[in-house]
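Undergrad: Sending over a structure as structure tokens; questions will come in a sec.
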Amino acid sequence: MSQKIVLSGIKPSGSPHLGNYAGMLQPALALARRTDCQAYYFIADYHALNSVQDPARLKRLLHEVAATYLALGLDPARAVFYRQSAVPEIFEISQALACVCPKGFMNRAHAYKAAVAQNLEKGLRDPDAGVNMGLFNYPLLMAADILAFDTDLVPVGRDQKQHVEYARDLAIRFNKTFGDTFRVPEISLRADLPALPGTDGRKMSKSYDNTIALFDPPQVLKHRIMKLKTDSKGEGAAKDPSDSLLVTYFQQVASPSESKIFIEDFIAGMGYGTAKHRLFEKMEALLSEPRRIYTDLMADPSTIDRTLAEGATKARQKAGQVRDRMRRSVGIS
Ligand code: TRP
């Protein structure tokens with residue numbers, strides 16, 4: 001039986017939060033458990049370097065992200081689990097992809113365009129102010145992350161959709177120029193989930209301080225949930241589930257049938273206090289055991305480092321084969 005290769009990564013630029021869980025971690029971990037899939041999951045530490053330029057912080061965030069995967073049940077004996085920086089073949093492939101990538105193609109990448117739009121809004125003279133080449137090249141490196149492993153499927157949140165399209169596009173361009181070399185990947189999105197807003201209603205993002213962190217202590221989690229803004233409808237009054245953070249968050253952590261009941265109760269007049277309590281209980285049921293594992297791993301990150309080093313050896317084997325194929329295709333071998 002040939003297995004599908006499933007690959008995904010997280011950039012360690014902040015502590016993992018509810019958006020990471022629902023959009024990427026939960027679906028990715030479910031795929032990793034399937035016997036018809038071989039997972040390659042990693043921590044995109046060189047991707048973080050364009051914004052995290054404090055070595056101690058980068059190291060801590062790397063461990064936080066790695067501990068999160070492991071605490072939520074990633075089995076490193078089955079999945080190949082590594083950090084990007086330990087696989088130099090990826091960077092070599094990235095350089096080859098750069099040579100078939102039109103510069104204008106990168107100009108249209110969301111993150112770069114958002115940075116430029118922000119500069120113009122601020123009235124800055126230089127539209128590229130504060131943009132480093134790490135940010136500009138982000139989609140190229142990410143394409144190399146994916147193509148280096150003959151990936152079939154990339155489970156990611158919606159915010160990464162364009163990046164996977166870039167990887168597809170670059171693979172196709174490269175193959176046209178140099179002959180069949182890279183496998184063209186597919187994206188795997190959880191289409192059933194609504195986009196996840198932060199606690200203030202804007203996009204959930206570490207930079208807005210509006211996230212629900214996965215492994216905060218229970219008192220902090222409870223406080224974050226209890227503080228969520230609602231309207232002033234009291235107990236017994238029908239509530240609108242289409243416009244409620246409580247419902248959206250509940251859906252991220254519960255099964256569709258549990259969510260259905262929650263929504264029915266919500267419409268039937270469940271009080272906001274009760275709804276918040278149920279959300280907290282649901283998250284605790286899901287996260288209390290992983291939190292314990294996470295806390296233990298963070299107390300002694302050398303276990304994490306050892307696990308990642310073992311994964312890197314396996315990752316380099318696979319990426320080395322693809323790199324050699326790329327070199328033969330272009331005439332550097
Ligand atoms: N861009 C992703 C994030 O922000 C991380 C990432 C890097 C990634 N390379 C990848 C995800 C390859 C999937 C596949 O978290």
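The values are calculated or read from the model by the stated rules, or taken from the named source; none is laboratory data. Predicted model, so just to flag it, every value in this text is computed and none were measured. Here Cβ is always computed from backbone atoms with ideal geometry, including for glycine, and neighbour counts include all displayed protein chains.
Undergrad: Would you pick out the residues in region 206-224 that are among the hydroxyl-bearing types (S, T, Y) and either modelled with pLDDT under 90 or surrounded by fewer than 15 Cβ atoms within 10 Å (Cβ to Cβ) (or both)? Let's see the steps before the verdict.
TA: Initial filter on region 206-224 (among the hydroxyl-bearing types (S, T, Y)): 207-208, 211.
Within region 206-224, S207, Y208 qualify.
Undergrad: Can you name the number of the only condition in (1) away from the ligand (no atom under 12 Å from the Cβ); (2) farther than 26 Å from L193 by Cα; (3) buried (at least 21 other Cβ atoms within 10 Å of the Cβ) that V87 fails?
TA: Only one criterion in (1) away from the ligand (no atom under 12 Å from the Cβ); (2) farther than 26 Å from L193 by Cα; (3) buried (at least 21 other Cβ atoms within 10 Å of the Cβ) is unmet by V87, namely (1).
Undergrad: Look through K233, K227, K203 and report the one residue that is surrounded by fewer than 16 Cβ atoms within 10 Å (Cβ to Cβ), within 14 Å of the ligand (Cβ to nearest atom) and either modelled with pLDDT under 95 or not assigned by TED's automatic domain parsing to the domain that holds R325 (or both).
TA: Values: K233 fails: within 14 Å of the ligand (Cβ to nearest atom); K227 fails: within 14 Å of the ligand (Cβ to nearest atom).
Every option except K203 fails the conditions.
Undergrad: Among what's in region 90-101 and is in contact with a Lys or Arg (Cβ under 9 Å, 6 or more places away or on another chain) and part of a loop (DSSP other than H, G, I, E, B), pick the residue that is surrounded by the most Cβ atoms within 10 Å (Cβ to Cβ).
TA: Step one: list which residues in region 90-101 are in contact with a Lys or Arg (Cβ under 9 Å, 6 or more places away or on another chain), which gives 90, 92-93, 96-97, 100-101.
Subset that is part of a loop (DSSP other than H, G, I, E, B): 100-101.
On the way: V100: 18, C101: 20.
My answer is C101.
Undergrad: Let me ask another. Can you confirm whether region 255-262 contains a residue that is outside the structural domain of T68 (by TED's automatic domain parsing), farther than 21 Å from Q26 by Cβ and free of Cβ contacts under 8 Å to residues at least 12 places away in the same chain? Write out each step before concluding.
TA: Step one: filter region 255-262 for residues outside the structural domain of T68 (by TED's automatic domain parsing), giving 255-262.
Retained after the next criterion (residues that are farther than 21 Å from Q26 by Cβ): none.
Checking region 255-262: not a single residue is outside the structural domain of T68 (by TED's automatic domain parsing), farther than 21 Å from Q26 by Cβ and free of Cβ contacts under 8 Å to residues at least 12 places away in the same chain.
Undergrad: Please count how many residues of region 134-179 are more than 11 Å from the ligand (Cβ to nearest atom), among the hydrophobic types (A, V, I, L, M, F, W, C) and without any contact (Cβ under 8 Å) to a residue 60 or more places away in the chain.
TA: Final tally of qualifying residues: 3.
Undergrad: Have a look at L246, L221 and point out the one that is of a type in the set (A, V, I, L, M), more than 16 Å from T274 (Cβ to Cβ) and part of a helix (DSSP H, G or I).
TA: Working: L246 fails: more than 16 Å from T274 (Cβ to Cβ).
Result: L221 is the single residue among L246, L221 that is of a type in the set (A, V, I, L, M), more than 16 Å from T274 (Cβ to Cβ) and part of a helix (DSSP H, G or I).
Undergrad: Taking region 287-302 only, how many residues are loosely packed, with under 15 Cβ neighbours inside 10 Å and assigned to a helix (DSSP H, G or I)?
TA: Going residue by residue through region 287-302, those that are loosely packed, with under 15 Cβ neighbours inside 10 Å are 288-289, 292, 295-296, 299-300, 302.
If we keep only those that are assigned to a helix (DSSP H, G or I) too, we end up with 288-289, 292, 295-296, 299, 302.
The qualifying residues number 7.
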